[in-house]
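This report refers to the structure that appears directly beneath it.
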Amino acid sequence: MNVYDSIEIEDMTFDPIQQAFFYPCPCGDQFAVAIDDLRDGENIATCPSCSLMIEVIFEAEDLENYKE
């Protein structure tokens, strides 16, 4: 699997309503990954408008700051 970039979770935006992290994609849309996916060990965020993916770099304790 080829990823476009590796991004620290601190550089992403968290939306508490959608319970997801977002990061701007070069195509103009946003990469997105749900916090539940991150908790389950899935660290790839995808863009819904193009085929790019990013790897989200984080530690499990980083997610404690984003409890529901």
Residue count, segment 16-31 (criterion: under 10 Å from the mean Cα position of the chain (by Cα) and under 14 Å from Ser51 (Cβ atoms)): 1
Quick one: Phe22 ticks every box in (1) exposed (fewer than 15 other Cβ atoms within 10 Å of the Cβ); (2) of a type outside the set (Lys, Arg); (3) at negative phi; (4) at pLDDT 95 or above bar one, so which box is it? (1)
Note on Thr13: of the conditions (1) under 9 Å from the mean Cα position of the chain (by Cα); (2) surrounded by 15 or more Cβ atoms within 10 Å (Cβ to Cβ); (3) not aliphatic (A, V, I, L, M), unmet is (2)
Cβ-Cβ under 6 Å, sequence separation 6+ or interchain: first residue in segment 34-61 and on the phi < 0 side of the Ramachandran plot, partner among the aromatic types (Phe, Trp, Tyr). Which pairs? Ile35/Tyr66; Ala45/Phe31; Cys47/Phe31; Leu52/Tyr4; Ile54/Tyr4; Ile54/Phe31
Is it the case that Phe21 is touching a Ser or Thr at 6+ places or on another chain (Cβ under 9 Å) and within 20 Å of Glu64 (Cβ to Cβ)? yes
Just name the residue that is modelled with the lowest pLDDT out of those in segment 1-10 that are closer than 22 Å to Ser51 by Cβ and loosely packed, with under 11 Cβ neighbours inside 10 Å. Met1
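Could you list, in sequence order, the residues of segment 47-56 that are more than 8 Å from the chain's Cα centre (by Cα), within 21 Å of Pro16 (Cβ to Cβ) and surrounded by 14 or more Cβ atoms within 10 Å (Cβ to Cβ)? Full working, then the answer.
We begin by selecting, within segment 47-56, every residue more than 8 Å from the chain's Cα centre (by Cα); these are 47-53.
Filter again for within 21 Å of Pro16 (Cβ to Cβ), leaving 48.
Within segment 47-56, no residue meets the criteria.
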Please work out which one of (1) touching a Ser or Thr at 6+ places or on another chain (Cβ under 8 Å); (2) in a helix (DSSP H, G or I) is the condition Leu63 fails and give its number. (1)
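The values are calculated or read from the model by the stated rules, or taken from the named source; none is laboratory data. Since this is a predicted model, take the numbers as computed values, not measurements. Reconstructed Cβ throughout: ideal geometry from the backbone, glycine too, with neighbour counts over all protein chains shown.
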